[in-house]
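*Asks:* Here it is, the structure in full.
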Amino acid sequence: MIVGVPRETKRDEYRVGLLPVGAEELVRAGHEVLVEQAAGVGSGLPDEAYAAAGGRIVQTAEEVFAGADLIVKVKEPQPPELGLVRPGQAVFTYFHFAASRSLTEGFLAAEATAVAYETLRDPAGRLPLLIPMSEVAGRMSIQEGAKYLEKPQMGRGILLGGVPGVAPANVLVLGAGTVGANAAKVAAGFGANIALLDTSLERLRYLDDVTPPNIDCLYSDRHTIRERLGWADLVIGSVLIPGARAPHLVERDDLTLMKPGAVIIDVAIDQGGCIATSRPTTHAEPTFVVDDVVHYCVTNMPGAVGRTSTCALCNATLPYVLQLASSGVAAAAKASPAIHSAVNIFEGRLVQPAVAAAFDLPCEAFEP
């Protein structure tokens, strides 16, 4: 099979879909790898590294899409890329279809196959291709939150960890999954006071046993959220429903409960956001203010640390890339329940129920 690796075109995106070692493994398995010129430069991976691994460097994205059977990316196809996707072609990347009707309808019209990182489940029910980026985003959320609490960034002018004689900041983390647990861990290291909320008592009991004493593990309900919004200096939104749009846990009127200059980091923005006032932003223009509350809603947070993120992501994706390349999507999905769960659109037909429900679109059963 011919595997194509285009350069990412989303604004401020520095990751790449395949490491040079991945190109080498694919070539060793008998496949051909096309890499767009400078695809890995943002992650510190020069063209020479891919060429030395057996990849073939091509000049344009058009050449990659025209020649490849399987496209391996990081972010969802941008509008110019959608026009390059061919019928029968497979694209393996993050899609987050439920956050964008235009992307969903555009990909359906391409009559291609979408294999989505974010819905791939392993036999234990985990999301192994979402976990590495959730780890990065969770840790980054505190790093960014600490910065935007500074007064020049329109924050409250608070040092996250405080100093002797001055109390540290209060951090509210909504959701105790991978993002939330990593955010709480880093915030605890800063010395902040953390309230970590979730609806899973089993998850809360586990985290209560293994986390530092400055993390309070609390059951998430409407009253607790509203109470803690008034207490918080920094709010991390980290709720995920795989494949579906994120639920709003903070409504528009709830902002009036928050302190002027408080900061919200909505990590769930890729899936539509869990804060009602959130809207997608970029690394170049990351924040906006509503009711004196700073909102940070960058849709590709891990893209800013491309080297770390690319390595973490590709470590997880490579086994599935090899399986897709060796067998094709239909055979791989038949042999692997994990890959089956990742197929959102198959040859132009929507087969992911959560996406269909988000836009009231027809959905077919996927039976490869």
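Quick note: the coordinates plus some simple rules give every number you see, no bench work behind them. Everything numeric here is computed off the predicted structure, so don't read it as measured data. Note that we place each Cβ from the backbone using ideal geometry, even for glycine, and neighbour counts take in every protein chain shown.
*Asks:* Treat the count of other C-beta atoms within 10 Å as a stand-in for reagent exposure and order VAL305, VAL115, VAL171 from fewest to most.
*Replies:* Details: VAL305 18, VAL115 28, VAL171 33.
Least to most surrounded, the residues fall as VAL305, VAL115, VAL171.
*Asks:* Placing +1 on the Cβ of each Lys and Arg and -1 on the Cβ of each Asp and Glu in the chain, which of ALA137, GLY161, PRO87 has its Cα farthest towards the positive end of the resulting dipole?
*Replies:* Of the candidates, GLY161 comes out farthest on the positive side.
*Asks:* What length, rounded to one decimal in nm, is gained on full extension from ARG101 through to HIS283, with 0.36 nm per residue of separation minus their alpha-carbon distance?
*Replies:* Between ARG101 and HIS283, full extension yields an extra 63.2 nm.
*Asks:* Roughly how many nanometres apart are two label points built 7 Å out from the Cα toward the Cβ at LYS147 and LEU201?
*Replies:* According to this spin-label approximation, the distance is 4.1 nm.
*Asks:* With +1 on the Cβ of every Lys and Arg and -1 on the Cβ of every Asp and Glu, and nothing else charged, how large is the dipole of the range 161-278 about its Cα centre, in debye rounded to the nearest 20?
*Replies:* Details: 9 positive and 13 negative charges, 20 e Å.
Around 100 debye, computed over the range 161-278.
*Asks:* In the chain, if the dipole is taken from +1 on Lys/Arg beta carbons and -1 on Asp/Glu beta carbons about the Cα centre, which of TYR50, ALA110, LEU197 is farthest to the positive end?
*Replies:* Of the listed residues, the answer is LEU197.
*Asks:* Follow-up question, since we're still on this one. Which of TYR219, TYR117, TYR148 moves the most in a Gaussian network model of the chain with Cα springs under 10 Å?
*Replies:* In the Gaussian network model the winner is TYR219.
*Asks:* Using the Karplus equation 6.51 cos²θ - 1.76 cosθ + 1.60 (θ = phi - 60°), what ³J(HN,Hα) coupling, rounded to whole Hz, does each residue of the range 44-51 give in order, writing x for Gly and Pro?
*Replies:* Using θ = phi - 60°, the values come out as x, 10, x, 4, 4, 5, 6, 5 Hz.
*Asks:* A further question on this structure: Averaged over all directions, how much area does the convex hull of the C-alpha atoms of the range 297-368 cover when projected, in nm²? The partial results should precede the final answer.
*Replies:* Values: hull surface 25.4 nm².
Across all orientations, the range 297-368 yields a mean hull projection of 6.4 nm².
*Asks:* I'd like the orientation of helix 178-190 relative to the chain: the angle between its Cα long axis and the longest Cα principal axis, in ° from 0 to 90, rounded to 10.
*Replies:* Between helix and principal axis, roughly 50 degrees.
*Asks:* Taking neighbour counts of Cβ atoms within 10 Å as a proxy for exposure, in what order, fewest first, do LYS10, LYS334 appear?
*Replies:* Working: LYS10 18, LYS334 14.
Sorted ascending by nearby Cβ count, the order is LYS334, LYS10.
*Asks:* Rounded to the nearest 500, what is the 222 nm mean residue ellipticity of the chain from helices alone, with -39500 (n - 2.57) per DSSP H run of 4+ residues and division by all residues?
*Replies:* Values: 13 runs with 129 residues, N = 368.
My calculation for the chain gives -10500 deg cm²/dmol from helical runs alone.
*Asks:* Which order do the peptides 200-210, 335-345 take when ranked by the mean count of other beta-carbon atoms within 10 Å per residue, highest first?
*Replies:* Details: 200-210: 12.9, 335-345: 21.0.
Packing proxy ranking, top to bottom: 335-345, 200-210.
*Asks:* Right, another one. To the nearest 20 debye, what charge dipole does the chain have about its Cα centre, counting +1 at the Cβ of each Lys and Arg and -1 at the Cβ of each Asp and Glu? The partial results should precede the final answer.
*Replies:* Details: 29 positive and 41 negative charges, 94 e Å.
Dipole of the chain, to the nearest 20 debye: 460 debye.
*Asks:* Please report Rg over Rh for the chain, where both radii come from the alpha carbon positions and Rh follows the Kirkwood definition. Mind dumping the intermediate values first?
*Replies:* Details: Rg = 21.0 Å, Rh = 21.2 Å.
So for the chain, dividing Rg by the Kirkwood Rh gives 0.99.
*Asks:* Measure nothing fancy, just the Cα-based angle from helix 201-210's long axis to the longest principal axis of the chain, in degrees from 0 to 90, nearest 10.
*Replies:* 80
*Asks:* Right, next: What full-extension length gain, to one decimal in nm, is calculated for VAL21 and ALA109 as 0.36 nm per residue of separation minus the Cα-Cα distance? Present the calculation step by step, with values, prior to reporting the outcome.
*Replies:* Working: separation 88, 0.36 × 88 = 31.68 nm, distance 3.39 nm.
Gain on stretching VAL21 to ALA109: 28.3 nm.
*Asks:* Please report CYS363, CYS314 as a ranked list, fewest other C-beta atoms within 10 angstrom at the top and most at the bottom.
*Replies:* Values: CYS363 14, CYS314 22.
Starting with the residue having the fewest Cβ neighbours, the order is CYS363, CYS314.
*Asks:* Also: Give the span of the range 133-304's Cα atoms along each principal axis, as three whole-Å numbers ordered largest to smallest.
*Replies:* Here the Cα extents, ordered largest to smallest, are 46, 38, 32 Å.
*Asks:* Still on this model: Which of these, LEU70, LEU249, LEU257, has the largest mean-square fluctuation under a Gaussian network model of the chain (Cα springs below 10 Å)?
*Replies:* Comparing LEU70, LEU249, LEU257 in a Gaussian network model of the chain, the most mobile one is LEU257.
*Asks:* By how many degrees, between 0 and 90 and to the nearest 10, does the Cα long axis of helix 101-110 differ from the longest principal axis of the chain?
*Replies:* Rounded to the nearest ten degrees, it is 10.
*Asks:* Would you be so kind as to identify which of LEU26, VAL351, VAL305 lies farthest towards the positive end of the dipole of the chain, taking Lys and Arg as +1 and Asp and Glu as -1 on Cβ and the Cα centre as origin?
*Replies:* Highest projection toward the positive end goes to VAL305.
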